[in-house]
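What follows is a short report on a single structure.
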Amino acid sequence: MRITQLRATPVAVPFNEDEVWAFGRRRGMVSIVLEIVTDDGVIGLGEAAAYPSADIVLSVFGSIEPLVVGEDPFNIERIMKRINVIGTWHHVKATSPAIAAVEMACWDIVGKVSGQPLVNLFGGRVRDEVEFFYYLSHKSPKDMGADAAAGFKAGFRTFYVKTGSDNPNLDIERVEAIRAAAGPDALIRIDPNEAWSSSAAIRIITEMERFGLELVEQPVSGRNLAEMAYVRSRINTPLLANEASWTRYDQLEVIKAGAADVVSVDNQMDGGLLNLKRGAGLCEVAGLPVLKHSLGELGIAAYAGVHIMASTPNFLYANQGYGSFLSDDIIKDASPLPYRDGRLAVPTKPGIGVELDTERVAKYADLYKQEAKNFAFHESDKIASTPLMPKF
Ligand SMILES: [Mg+2]
């Protein structure tokens, strides 16, 4: 069996409401659907986040194609080494989502040909369902409290709050309002995306701790592990590494520096599902739980991750997902993905176990062609402003 072609289709799927983080805003998500075609007629599905842009992902696919055409899709280690070393992609983190999509599609082919869901090829089930957080849109404290109460009613338990984009006192009020509205059993996770200095982080987190926090994600720069370790020593909430832990090499440094209690891992940022499993294994050896980070994923990438999270013991926290934002998807039987009590069931069909809905792929490919620029992570006023790091 040989790979004959890579076929890429960018799609833009609208959010129900805007996503706002410390340094930008977006109104929907662009993903690039990848189909790897083989001479046997089997097609593997992959998906790459448009990171840092759809054009860059498409360009990486163009560069990779000659390295993988003619190769047996079962030889995943060899294909990845060829891309990374001969293709000289080994040092480029930002282009990793494209490489990860190729690896994902090869695994989909392996599963389809073997007649097994990926979970069975990655160690088998340690859980039947995988838990995700509820991502709260950035609003006034009162409105975010109301949204959290609705999410709790829908069965989600972990609420993710982007902080650091405006006055820290407002962020404290948001946490207070979410606790009051969602009740004592809700888990509140904050993510300032490195926006705070260490002194600001310690002050703000200490005040928020009165209302109970589950995790504090990357409060300070991920480039200074000593600063992370210092903040970690001064707060009572477990610290989650994210910008500090994009690849396995970064995760090793976080472990050695004692910079985090929990580590984010992400196949899209670290070149594939196999590396996601390896990163989780590295952390497991160090005694640390992990959770999966998401740049924003539709059904192909979301379910590819579910197979790994279901077969890897130390995914002990709710993982990142865009269930509260996405208005639709591009796979069959999912409009949007069918979360039940904040969880996705592990697919049972061979491979990733999902099928493209060709009508919706065409619809959102059209939307991408017409409105791609409106789906970027930029706002005109924030492009003009200076992104101070730290901001507070
Ligand atoms: Mg984060």
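Key figures for this structure:
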{"quantity": "Condition check for S294: polar (S, T, N, Q), surrounded by fewer than 24 Cβ atoms within 10 Å (Cβ to Cβ) and under 19 Å from the mean Cα position of the chain (by Cα)", "calculated": "yes"}
{"quantity": "Hits in the stretch 115-146 (condition: more than 22 Å from G305 (Cα to Cα) and in contact with a Lys or Arg (Cβ under 7 Å, 6 or more places away or on another chain))", "calculated": "H138, P141, M144"}
{"quantity": "Residue match in the stretch 249-256 (condition: under 16 Å from N224 (Cα atoms) and either of a type in the set (F, W, Y) or assigned by TED's automatic domain parsing to the domain that holds K81 (or both))", "calculated": "yes"}
{"quantity": "Single match in D108, D72, D128 (criterion: acidic (D, E), crowded, with 18+ Cβ neighbours inside 10 Å, touching a strand residue (DSSP E or B) at 6+ places or on another chain (Cβ under 9 Å) and in contact (Cβ under 8 Å) with a residue 24 or more places away in the chain)", "calculated": "D108"}
{"quantity": "Subset tally (residues that are within 16 Å of the ligand (Cβ to nearest atom) and either free of Cβ contacts under 8 Å to residues at least 12 places away in the same chain or surrounded by 24 or more Cβ atoms within 10 Å (Cβ to Cβ) (or both)) for the stretch 216-230", "calculated": "6"}
{"quantity": "Residue in the stretch 241-252 that is closer than 28 Å to S199 by Cα, touching a residue at least 60 places away in the same chain (Cβ under 8 Å) and within 16 Å of the ligand (Cβ to nearest atom) present", "calculated": "yes"}
{"quantity": "Among the candidates V130, V102, residue that is part of a helix (DSSP H, G or I) and in contact with a Phe, Trp or Tyr (Cβ under 8 Å, 6 or more places away or on another chain)", "calculated": "V102"}
{"quantity": "Unique match (being surrounded by 15 or more Cβ atoms within 10 Å (Cβ to Cβ), under 25 Å from P10 (Cα atoms) and assigned by TED's automatic domain parsing to the domain that holds I190) among D333, D328", "calculated": "D328"}
{"quantity": "Some residue of the stretch 186-193 being farther than 25 Å from Q268 by Cα, surrounded by fewer than 22 Cβ atoms within 10 Å (Cβ to Cβ) and within 20 Å of the chain's Cα centre (by Cα)", "calculated": "yes"}
{"quantity": "Selected residue (criterion: nearest to R340 (Cα to Cα)) from residues of the stretch 162-185 that are within 16 Å of the ligand (Cβ to nearest atom) and surrounded by fewer than 24 Cβ atoms within 10 Å (Cβ to Cβ)", "calculated": "K162"}
{"quantity": "Residue tally, condition surrounded by 15 or more Cβ atoms within 10 Å (Cβ to Cβ) and either among the aliphatic types (A, V, I, L, M) or in a helix (DSSP H, G or I) (or both), over the stretch 346-362", "calculated": "6"}
{"quantity": "Single match in N319, N314 (criterion: within 15 Å of the ligand (Cβ to nearest atom) and in contact with a strand residue (DSSP E or B) (Cβ under 8 Å, 6 or more places away or on another chain))", "calculated": "N319"}
{"quantity": "Qualifying residue in the stretch 44-56 (condition: over 20 Å from the mean Cα position of the chain (by Cα), crowded, with 16+ Cβ neighbours inside 10 Å and not acidic (D, E))", "calculated": "yes"}
{"quantity": "Considering residues of the stretch 231-240 that are crowded, with 18+ Cβ neighbours inside 10 Å and either within 13 Å of the ligand (Cβ to nearest atom) or of a type in the set (S, T, N, Q) (or both) only, the residue farthest from A200 (Cα to Cα)", "calculated": "L240"}
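To keep it simple, each residue is scored yes or no on (1) closer than 25 Å to Q251 by Cβ; (2) modelled with pLDDT of 95 or more.
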| position | (1), (2) |
| --- | --- |
| F132 | yes, yes |
| S137 | no, no |
| S140 | no, no |
| S165 | no, no |
| D185 | no, yes |
| N224 | yes, yes |
| S233 | yes, yes |
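The values are calculated or read from the model by the stated rules, or taken from the named source; none is laboratory data. Here the structure is a predicted model, which is why all the values come from computation and not from measurement. Cβ coordinates were reconstructed from backbone atoms using ideal geometry, including for glycine residues, and neighbour counts include every protein chain displayed.
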